[in-house]
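Read the figures in this text as sums done on the coordinates, not as results from a lab. Please read all numbers here as calculations on a predicted model, not as lab measurements. A quick note on method: Cβ atoms are made from the backbone with ideal geometry, for glycine too, and the neighbour counts reach across all protein chains shown.
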Amino acid sequence: MALQEKYSAVIEIINSNGGRDVVINEEGGVLNINATVPYPKDKNLAWDKIKEIGGDSPADLVADIASRAGIEHDFVVIPHHFGAHLVVGCADA
């Protein structure tokens, strides 16, 4: 439980930025975090916090944080009066 407290800011970033499929367990002195966040920027925020807390390669943490960007996008097709269509999609923020 001590490692969950140490890396609680990372867990909070994941949860507050739309983290899905979040699995956290502590075993043998290592905290395992598996999660999926919406965008690469959310993943980068989590990794920046990991590095701030544990350094570039923390020995007490194994993290697999993926982003859904590129997998799920909403698009709107707007008909144009010349017969062409304009496709508007969401971009990675």
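Check Ser67: other-chain or 5+ apart residues with amide H under 5 Å from its amide H, H built from backbone geometry? The list, which skips near neighbours in sequence, is Val37. Kirkwood Rh, the range 1-56, all Cα pairs: how many Å? Evaluated over the range 1-56, this radius sits at 11.4 Å.
Taking 22 Å as R0, compute the FRET efficiency from the Cβ-Cβ separation of Ala9 and Ala66 and round it to 0.05. E between Ala9 and Ala66, to the nearest 0.05, is 0.65.
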